[in-house]
Amino acid sequence: MKDFRNKVIVITGAASGIGRATALAFAREGAKLHLTDINRERIEAVAAEVRALRAEATAYVVDSSDRAAMEKFAADVYTNAGRVDVLHNNAGIGAGARFEEISLEHWERIIAVNLWGVIHGIHFFLPRMIAQGGGGHIVNTASGAGLCGLPGLGHYTATKFAVVGLSEVMNMELQRHGIFTTALCPGIINTNIIQESLFQETDEAQQKKNQAVSFYDRFGAGPEGVARDVLKAVRKRRAVQVSPGFHLYPIWYCKRLSVGLYQALGRMAAKKLV
């Protein structure tokens, strides 16, 4: 898919960060946007930004972890647009804690959003995308933590590894329908993901959260670069898209070269991070 003009693009979690930046990037290409978030005010504001770029936008208030809400959303999009050319399952939340500190409630919440949110998008949109004919592309937002496990992020990493795995299988299975799939693996991106992440309600955990916010503010790349990489991944039909590459390629290649070395570096990092 080279030309996005008049293509129908669906993006979940589009009210901020990577979702917002990607919506604006597609808008500049002349696409027609269908955007969701759980925050009505913020998603309406992004839709207004899209329209200011002379592109079409429809905003929906949807919790991607809610099965019934996602089923209705898919039906509404097809009623309004008739087809979907690019589905970007982007909605997600962050989390940080030692394994022994992770509550079951946090496990349930992060799996509901980061994994079930993606599954709901696939389940309710994919059959319609197959039936419409003419191919399409699905982008599932994972993370660099979906390629390399990171200490202090066990439950987050579990969901993102799952998203990478299901995306790889989808890309192998669905090409017979002309549908391609990308696992999007961002690195350290300066968005509000840390501010809205799940942390334990302890002074130590909140201190770690504040440190992480400062780190992301200082070293995080802008979401606009990730958005450009999303469009590039769709155009080039990439199965995995890391962004930015210099954040992730060194550690990913290290892991592929020597798991023992990668694990040793991880243990060293754990002493400082966890």
For segment 46-65, which residues satisfy the criterion of being within 17 Å of the chain's Cα centre (by Cα), crowded, with 20+ Cβ neighbours inside 10 Å and of a type outside the set (A, V, I, L, M, F, W, C)? SER64, SER65
Considering only residues that are farther than 23 Å from PRO186 by Cα, part of a loop (DSSP other than H, G, I, E, B), at pLDDT 95 or above and not basic (Lys, Arg), which ones fall in segment 75-116? GLY82, VAL84
Of the residues in segment 166-189, how many are among the aliphatic types (A, V, I, L, M), touching a Ser or Thr at 6+ places or on another chain (Cβ under 8 Å) and under 11 Å from ASN140 (Cα atoms)? 3
Yes/no for GLY165 being in contact with a helix residue (DSSP H, G or I) (Cβ under 9 Å, 6 or more places away or on another chain), modelled with pLDDT under 95, farther than 22 Å from ASP76 by Cβ and among the small types (Gly, Ala, Ser): no
Restrict the check to segment 197-214 and report whether at least one residue is surrounded by 14 or more Cβ atoms within 10 Å (Cβ to Cβ), modelled with pLDDT under 85 and in contact with a Pro (Cβ under 8 Å, 6 or more places away or on another chain). no
Take PHE4 and decide whether it is assigned to a helix (DSSP H, G or I), under 22 Å from LEU184 (Cβ atoms), at pLDDT 95 or above and not β-branched (Val, Ile, Thr). no
Pull up segment 128-148, narrow it to residues that are of a type outside the set (A, V, I, L, M, F, W, C) and assigned to a helix (DSSP H, G or I), then point me to the one that is surrounded by the fewest Cβ atoms within 10 Å (Cβ to Cβ). GLN132
Scanning segment 66-109 for residues that are buried (at least 22 other Cβ atoms within 10 Å of the Cβ) and either under 15 Å from ILE38 (Cα atoms) or among the polar types (S, T, N, Q) (or both) gives MET70, PHE73, ASN89, ASN90, ALA91, GLY92
Quick check, is ALA112 free of Cβ contacts under 8 Å to residues at least 12 places away in the same chain and either basic (Lys, Arg) or surrounded by fewer than 20 Cβ atoms within 10 Å (Cβ to Cβ) (or both)? no
Return yes or no: is THR141 closer than 25 Å to GLY245 by Cβ, among the hydroxyl-bearing types (Ser, Thr, Tyr) and in contact with a Leu (Cβ under 6 Å, 6 or more places away or on another chain)? yes
Counted residues in segment 7-38 being among the basic types (Lys, Arg) and assigned to a helix (DSSP H, G or I) come to 2
Enumerate the pairs (first residue in segment 1-24 and without any contact (Cβ under 8 Å) to a residue 60 or more places away in the chain and under 14 Å from ARG42 (Cβ atoms); second residue anywhere and outside any helix (DSSP H, G or I) and of a type in the set (Asp, Glu)) with beta-carbon separation below 9 Å, excluding pairs fewer than 6 apart on the same chain, so at least 6 apart or on different chains. ALA15/ASP37
Taking only segment 234-246 into account, find how many residues are in contact with a Phe, Trp or Tyr (Cβ under 9 Å, 6 or more places away or on another chain) and either modelled with pLDDT under 90 or surrounded by 14 or more Cβ atoms within 10 Å (Cβ to Cβ) (or both). 4
Among the residues listed as ILE119, ILE43, the single one being within 15 Å of the chain's Cα centre (by Cα), modelled with pLDDT of 95 or more, in a helix (DSSP H, G or I) and surrounded by 17 or more Cβ atoms within 10 Å (Cβ to Cβ): ILE119
Name the single residue that is surrounded by the most Cβ atoms within 10 Å (Cβ to Cβ) among those in segment 149-190 being touching a Leu at 6+ places or on another chain (Cβ under 7 Å) and assigned to a helix (DSSP H, G or I). THR159
Just checking, how many residues over segment 24-40 are surrounded by fewer than 16 Cβ atoms within 10 Å (Cβ to Cβ), of a type in the set (Lys, Arg) and over 16 Å from GLU224 (Cβ atoms)? 1
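The values are calculated or read from the model by the stated rules, or taken from the named source; none is laboratory data. These figures come from a predicted structure and were not determined experimentally. Note that we place each Cβ from the backbone using ideal geometry, even for glycine, and neighbour counts take in every protein chain shown.
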